[in-house]
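Structure first, commentary second.
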């Protein structure tokens, strides 16, 4: 029991200490996710102000400050809280003889760095795409994911508005993705993480950007807006599930972009009854299943 307590305390204090050091610039700039997130957010917000897609939408759109809080809560505060529990799982699996290489399909550690990063990016993105599909397909998971889809006006900060339970689901599956790659995370994985943050911000931004022919590979604001559409194709449980890459949607036929005016209504059926404040949104999904009106 003592080693489990030590593992929890060590991970929690380490995560807290790293975040504090990031705030006061005592970590290498290329791994400083705190100020990196702020810089990316400011750049994308400036693009929204200069090149707005929906010109009637305010600079401080509906729920701007709520989403701004979500950004830091999900990316830092909750990550610190949950870090100890993930370390407990690592120790537990180690005791069962399950190591990071137990599920390895390929060991990328000997590959050139560029190939390590590319495979790391592709595998983790597919795992997240698949997880995202599950969040829409199963009602018990959809009840948590409704928080993200309660956004009524899109902007960069909506990227990180999601129920904290999504971390509980995404994180282990992302670890599973790393285990497939031999339990190895490239030394320069921070490049992939920052690219993913930037693409996620752009996908939710009030900017009309579709990447031209690259739209079949990279997710984009036009495609992702339809993921948030209140009205989805009949018989489906969602469209355009891509995180950073759109290619999975084109491969598995879940792509859908009927037009690109950007004027569609966002949300989900019954969202008028959905909580509008942070506390109640994050309590949502634990009680009796809600019925949409």
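The values are calculated or read from the model by the stated rules, or taken from the named source; none is laboratory data. Everything numeric in this text was worked out from a predicted model, so none of it was measured. When we count neighbours, we look across all protein chains shown, and the Cβ atoms used for this are built from the backbone with ideal geometry, even at glycine.
Suppose the filter is closer than 30 Å to residue 107 by Cα and modelled with pLDDT under 95; does residue 212 pass it?
Judged against the criteria, residue 212 is not a match.
Can you name the condition, by its number, that residue 239 falls short on among (1) part of a loop (DSSP other than H, G, I, E, B); (2) farther than 25 Å from residue 42 by Cα; (3) in contact (Cβ under 8 Å) with a residue 40 or more places away in the chain; (4) within 17 Å of the chain's Cα centre (by Cα)?
Tallying (1) part of a loop (DSSP other than H, G, I, E, B); (2) farther than 25 Å from residue 42 by Cα; (3) in contact (Cβ under 8 Å) with a residue 40 or more places away in the chain; (4) within 17 Å of the chain's Cα centre (by Cα), residue 239 fails exactly one: (3).
Out of the residues in the range 248-258 meeting the condition of being within 21 Å of the chain's Cα centre (by Cα) and within 21 Å of residue 208 (Cβ to Cβ), tell me which one is surrounded by the fewest Cβ atoms within 10 Å (Cβ to Cβ).
Looking at the filtered set, the residue picked out is 250.
For residues that are outside any helix (DSSP H, G or I) and touching a helix residue (DSSP H, G or I) at 6+ places or on another chain (Cβ under 9 Å), scanning just the range 218-229, find the one that is surrounded by the fewest Cβ atoms within 10 Å (Cβ to Cβ).
218
Given the options 164, 211, 142, name the one that is in contact with a strand residue (DSSP E or B) (Cβ under 6 Å, 6 or more places away or on another chain) and surrounded by fewer than 21 Cβ atoms within 10 Å (Cβ to Cβ).
211 is the lone residue from the list that is in contact with a strand residue (DSSP E or B) (Cβ under 6 Å, 6 or more places away or on another chain) and surrounded by fewer than 21 Cβ atoms within 10 Å (Cβ to Cβ).
Would you confirm whether or not the range 19-31 contains a residue that is within 21 Å of the chain's Cα centre (by Cα), closer than 30 Å to residue 150 by Cα and without any contact (Cβ under 8 Å) to a residue 24 or more places away in the chain?
Among the residues of the range 19-31, not one is within 21 Å of the chain's Cα centre (by Cα), closer than 30 Å to residue 150 by Cα and without any contact (Cβ under 8 Å) to a residue 24 or more places away in the chain, which makes the answer no.
For residue 8, indicate whether it is surrounded by 15 or more Cβ atoms within 10 Å (Cβ to Cβ), at pLDDT below 95 and over 25 Å from residue 158 (Cβ atoms).
Yes, satisfied.
Scan the range 11-18 and give yes if some residue there is touching a residue at least 24 places away in the same chain (Cβ under 8 Å), closer than 20 Å to residue 206 by Cα, surrounded by 14 or more Cβ atoms within 10 Å (Cβ to Cβ) and out of contact with any strand residue (DSSP E or B) (no Cβ under 7 Å at 6 or more places or on another chain), otherwise no.
No - not one qualifying residue is present in the range 11-18.
Can you pull out the helices (runs of 4 or more DSSP H) entirely within the range 100-217 that have at least 2 residues that are out of contact with any helix residue (DSSP H, G or I) (no Cβ under 9 Å at 6 or more places or on another chain)?
113-137, 139-149
Which of the numbered conditions does residue 59 fail, given that it passes all the others? Conditions: (1) in contact with a helix residue (DSSP H, G or I) (Cβ under 8 Å, 6 or more places away or on another chain); (2) surrounded by 13 or more Cβ atoms within 10 Å (Cβ to Cβ); (3) modelled with pLDDT of 80 or more; (4) under 30 Å from residue 149 (Cα atoms).
In the conditions (1) in contact with a helix residue (DSSP H, G or I) (Cβ under 8 Å, 6 or more places away or on another chain); (2) surrounded by 13 or more Cβ atoms within 10 Å (Cβ to Cβ); (3) modelled with pLDDT of 80 or more; (4) under 30 Å from residue 149 (Cα atoms), residue 59 misses (2) alone.
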